[in-house]
């Protein structure tokens, strides 16, 4: 599955990329797509095949599953 995470801060996005890289996952940082809103403007795009709840950190603002050209919201801080 392919996912997109947004963050509260730029440093949070960079820290998250480093965290996933250390877990063996490839992560691309990119501008947040227009269909998605974010506080900091940077998103992380990555593939993950296990329970996605395992990698939600305090830095993640929102988490989306990418389905074609659509983004399905899976997680939003404060709405657990």
Taking residue 37, is it touching a residue at least 40 places away in the same chain (Cβ under 8 Å), more than 15 Å from residue 1 (Cα to Cα) and in a loop (DSSP other than H, G, I, E, B)? no
When both residues are 6+ apart or on different chains and their Cβ atoms are under 7 Å apart, which pairs have a first residue that lies in region 47-67 and is on the phi < 0 side of the Ramachandran plot and without any contact (Cβ under 8 Å) to a residue 60 or more places away in the chain, and a second that is exposed (fewer than 15 other Cβ atoms within 10 Å of the Cβ) and in a strand (DSSP E or B)? 47/2; 62/73; 62/76
If I filter region 8-44 down to residues being closer than 15 Å to residue 73 by Cβ and at pLDDT 90 or above, which single residue comes out as farthest from the chain's Cα centre (by Cα)? 33
Checking the structure you have, find out if any residue of region 17-25 is without any contact (Cβ under 8 Å) to a residue 60 or more places away in the chain, surrounded by 19 or more Cβ atoms within 10 Å (Cβ to Cβ) and in a strand (DSSP E or B). no
Residues of region 51-70 satisfying the condition of being part of a strand (DSSP E or B) and either touching a strand residue (DSSP E or B) at 6+ places or on another chain (Cβ under 8 Å) or under 17 Å from residue 41 (Cα atoms) (or both): 60, 61, 62, 63, 64, 65, 66
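The values are calculated or read from the model by the stated rules, or taken from the named source; none is laboratory data. For clarity, every value in this text was computed on a predicted model and none was experimentally measured. Please note: Cβ atoms are built from the backbone with ideal geometry, for glycine as well, and neighbour counts cover all protein chains shown.
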